[in-house]
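The values are calculated or read from the model by the stated rules, or taken from the named source; none is laboratory data. Only a predicted model underlies this, so the values are computations on that prediction, with no experimental measurement involved. Neighbour counts run over all protein chains shown; Cβ positions are idealised from the backbone, glycine included. Each accessible area value is taken on the protein alone, full model and side chains, heavy atoms only, with ligands, DNA and RNA left out. Shrake-Rupley method; radii C 1.70, N 1.55, O 1.52, S 1.80 Å.
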Amino acid sequence: MNVEAFIDARKAKGISQSELADGICTQATLSRFENNGKAPSLKILLKLCNRLNLSIGDIFPKVGIKNSEVVEAMNQVEFYFITSEYKKAQKILDDIKVEKEIDSDLYLRFLYLKGFLMIFNNEPVTEILFNFDQILLGEEVREGSIFSLLAYTGIGMTYSREKDFEKAEYYFSKVIERVYYCPTNTVEDTWRVLNIVFHSGVFYADIKELEASNALLEYAITICSENHLTYYLARAAFQLALNSVEENQPDEIILELLYDARAYAKINQNHVLLREIEILEPQFKKKDKK
């Protein structure tokens, strides 16, 4: 409840607590509300607000209004992760303001998005790790929760970026042990699990453990198929194509994966990936038969 708005309205009218409370409630009741946030009964609160010409809606929490706009903005940032449009994501995130005290879950999501963008933007390691530590050390975060797994993933990605693969694998292994048990009750939960599984697959491709990478990427595709989602399908198929190149698979297998990646990239309007496919594809197309 926005107690500050209530206090500001009282002070703007030059009314003391005792004057406002007179005939409505005791000054102690009003004091407990203003100082400790302990709301009186609705009837008393309505009378106090009426005396201040204040709408009850001005001090009640803004359920589904302000936060819905923030959530929609975060959804867009998360979607830009899927399409690798990190500059657009950063521009949106820079305008988002979230207070931990008001909505801790929203704040954790903000930290996760911020941390991943810091990785993509090549910001200093210490700053990235400090950001993820705020998730892992928060009292409201339990071990194995989706945000703790995202933090571990981000730390693993950070060490991988620095070519410290031993430390990176430590964090990715922690994630893989637990991600299969992570509930996906909403579409956003599924996005995050896909985010974790996909980036884990990319990491194992980077260290040339292609069997593990392929298993994770195929799991990401299974998640998409079972949930009727196209998110990360394009990038998973493209990484599988890159893995097939490393494995010296036949050109037709590589091309089939690239065609799949291109089809999904068009659906999600992933222009970044479409350009990468356009560069890679000609290397594996068979020459026209004479």
Problem set entry | Yes/no for residue 205 being part of a helix (DSSP H, G or I), surrounded by fewer than 23 Cβ atoms within 10 Å (Cβ to Cβ) and touching a residue at least 24 places away in the same chain (Cβ under 8 Å) | yes
Problem set entry | Evaluation of residue 155 against (1) open to solvent by 10 Å² or more (accessible area, probe 1.4 Å); (2) at pLDDT 95 or above; (3) among the β-branched types (Val, Ile, Thr) (one fails), failing number | (1)
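If you scan the range 253-290, which residues turn out to be of a type in the set (D, E, K, R), free of Cβ contacts under 8 Å to residues at least 12 places away in the same chain and closer than 21 Å to residue 215 by Cα? It would help to see each step written out before you state the result.
As a first pass, look at the range 253-290 and keep what is of a type in the set (D, E, K, R): 256, 260, 262, 266, 275-276, 278, 281, 285-290.
Imposing the further condition that a residue be free of Cβ contacts under 8 Å to residues at least 12 places away in the same chain reduces the set to 256, 266, 275, 278, 287-290.
Listed by number, the list holds a single entry, 256.
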Exercise. In the range 85-106, how many are modelled with pLDDT of 90 or more and of a type outside the set (D, E, K, R)?
Worked result: 5
Exercise. Taking the range 175-226 only, how many residues are within 15 Å of the chain's Cα centre (by Cα) and acidic (Asp, Glu)?
Worked result: 2
Problem set entry | Selection count, the range 50-60, where residues are in contact with a helix residue (DSSP H, G or I) (Cβ under 9 Å, 6 or more places away or on another chain) and either modelled with pLDDT under 90 or not in a helix (DSSP H, G or I) (or both) | 7
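Which residue out of 97, 114 is open to solvent by 60 Å² or more (accessible area, probe 1.4 Å) and under 21 Å from residue 191 (Cα atoms)? Before the answer, list the steps.
Working: 97 fails: under 21 Å from residue 191 (Cα atoms).
Within the list 97, 114, the selection yields 114.
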Seminar exercise, completed: For residue 248, the lone unmet condition from (1) open to solvent by 30 Å² or more (accessible area, probe 1.4 Å); (2) farther than 19 Å from residue 206 by Cα is (2)
Seminar exercise, completed: All-but-one check, residue 82 against (1) open to solvent by 40 Å² or more (accessible area, probe 1.4 Å); (2) β-branched (Val, Ile, Thr); (3) modelled with pLDDT under 95, failing number (1)
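Does residue 235 fit the bill of being surrounded by 14 or more Cβ atoms within 10 Å (Cβ to Cβ) and closer than 20 Å to residue 120 by Cα? Give the steps one after another, and end with the answer.
Working: surrounded by 14 or more Cβ atoms within 10 Å (Cβ to Cβ): yes; closer than 20 Å to residue 120 by Cα: yes.
In short, yes.
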Exercise. Which members of the range 1-40 meet the condition of being open to solvent by 80 Å² or more (accessible area, probe 1.4 Å) and not in a loop (DSSP other than H, G, I, E, B)?
Worked result: 4, 8, 11, 12, 19, 27, 32, 35, 36
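Please go through the range 117-140 and give me each residue that is part of a helix (DSSP H, G or I) and either in contact with a strand residue (DSSP E or B) (Cβ under 6 Å, 6 or more places away or on another chain) or open to solvent by 80 Å² or more (accessible area, probe 1.4 Å) (or both), ordered by number. I'd like the intermediate steps shown before the answer.
At the first step, the residues of the range 117-140 found to be part of a helix (DSSP H, G or I) are 117-120, 125-136.
Correct list: 126, 127, 130.
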